[in-house]
Amino acid sequence: MGKDTLLPAASQSLLDPKSSAASEITDLWWFMLIVSTLVVAIVIALVVLALLRRRDKPAGDESGVARLGGNRLIVTGGIVVPVVVLVALFAFTLETLVETAPGSSEPGLTVDVAGERWFWNVRYRGSAGAVTANEIHVPVGVPVRVRLSTEDVVHSFWVPQLNRKIDAIPGHPNELTFEARQPGVFRGQCAEFCGAQHANMAFRVIAQEPDHFAAYLRRIGSPAAVPDTPAETRGRAVFLSQGCAGCHTIRGTDAEGDVGPDLTHLASRETIAAATIPNRRGDLAGWILDPQHIKPGNRMPATDLDGDELQALLAYLESLE
Ligand code: CUA
């Protein structure tokens, strides 16, 4: 059983579109598949026919071609049909490009997404402080503009059920607009090789009814919960004293690092390590103790906590709803 089967369900199928842009792409995909299949089938049939007929004809005999229409067949099959097919494909592709382009609808929300090593930083524009990672909540029926950036290497942002891919290119932010037409969880994946953990650089788009989304945005825009048990208080002290704060931010505390994901509302996320493992106590503990085992090459070092410190830290992180 793969580890994915333990993760909360999310679909990533191009053939199950959930936005009008993705539907355009799916239609183009089917059109290309059907047309190419027909063309290949006809060509193979003609080749087979030619092979069978040559057996009982002397070399140079062209009566078969003549019977099928002679030069007219060659002009039709070699020029007219390919031109018609290619022009149709070109027109359909152009139409799809227009329909899926950023700015095809006026965005109701802008999300700044940055490709990191190896996770996605997510920042809601206009909602000062609303920052998260690897989960993009969006309201259903509202065009959402994703503005994609990266500091170092090229990544590619792809949610097959919502729209096409866009590349994250250093120094050149790219944009994409999508509008989920129904609630759901849609898996996204980095689609450009970006280093050792490229394959473990996934994310989730969670489409919600607008009032649920508004409540979500208010929550993740607020500072972290204040510890209200002794274990949580101790866990916060562990977090601030053991080096975690050098890389992670927990808003409302002295932790202001910007190397790893913002953890202010970590407990509200379904997965950790860019949708690599579920966000459950045991998985989180394994990640904190030895992240290099789970995702070799990522920027988080192993920690050297004793059992009590680890339990306190887990209690604190699990309180960050
Ligand atoms: Cu990021 Cu591949």
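Could you please find all residues in the stretch 191-223 being touching a Ser or Thr at 6+ places or on another chain (Cβ under 6 Å) and within 16 Å of the ligand (Cβ to nearest atom)?
The answer is 191, 192, 200.
Test each condition in (1) within 24 Å of the chain's Cα centre (by Cα); (2) closer than 26 Å to residue 152 by Cα; (3) surrounded by 15 or more Cβ atoms within 10 Å (Cβ to Cβ); (4) at pLDDT below 95 for residue 196 and report the one that comes out false.
Evaluating residue 196 over (1) within 24 Å of the chain's Cα centre (by Cα); (2) closer than 26 Å to residue 152 by Cα; (3) surrounded by 15 or more Cβ atoms within 10 Å (Cβ to Cβ); (4) at pLDDT below 95 leaves (3) as the failure.
Take the residues in the stretch 156-173 that are farther than 19 Å from residue 134 by Cβ and buried (at least 17 other Cβ atoms within 10 Å of the Cβ); name whichever of them is nearest to the ligand (Cβ to nearest atom).
Only one residue tops the list, namely 169.
Restricting the first residue to the stretch 242-257 and requiring it to be over 15 Å from residue 130 (Cα atoms) and free of Cβ contacts under 8 Å to residues at least 60 places away in the same chain, which pairs with a second residue that is in a helix (DSSP H, G or I) and among the small types (Gly, Ala, Ser) meet a Cβ separation below 9 Å and a spacing of at least six or different chains?
253/245; 254/245; 255/245; 255/246; 257/245; 257/246
Which condition number does residue 147 fail, the rest of (1) out of contact with any His (no Cβ under 7 Å at 6 or more places or on another chain); (2) within 14 Å of the ligand (Cβ to nearest atom) being met?
In the conditions (1) out of contact with any His (no Cβ under 7 Å at 6 or more places or on another chain); (2) within 14 Å of the ligand (Cβ to nearest atom), residue 147 misses (2) alone.
Criterion first (free of Cβ contacts under 8 Å to residues at least 60 places away in the same chain and either closer than 17 Å to residue 199 by Cα or in contact with a strand residue (DSSP E or B) (Cβ under 9 Å, 6 or more places away or on another chain) (or both)) does residue 279 satisfy it?
Judged against the criteria, residue 279 is a match.
May I ask you to list pairs of residues, at least six apart or on different chains, whose Cβ atoms are under 6 Å apart, with the first in the stretch 197-221 being over 15 Å from residue 269 (Cα atoms) and the second being among the hydroxyl-bearing types (Ser, Thr, Tyr)?
Listed pairs, sorted by first residue: 200/276.
Evaluate the following for residue 76: is it modelled with pLDDT under 80, assigned to a helix (DSSP H, G or I), of a type outside the set (Asp, Glu) and over 18 Å from residue 164 (Cα atoms)?
So residue 76 fails the test.
Among the residues that make up the stretch 224-241, is at least one of them of a type in the set (Phe, Trp, Tyr), touching a residue at least 24 places away in the same chain (Cβ under 8 Å) and more than 16 Å from the ligand (Cβ to nearest atom)?
yes
Among the residues of the stretch 118-129, count how many are over 11 Å from residue 190 (Cβ atoms) and within 16 Å of the ligand (Cβ to nearest atom).
So the answer is 2.
The values are calculated or read from the model by the stated rules, or taken from the named source; none is laboratory data. Please read all numbers here as calculations on a predicted model, not as lab measurements. Positions of Cβ are backbone-derived with ideal geometry, glycine not excepted, and every protein chain shown enters the neighbour counts.
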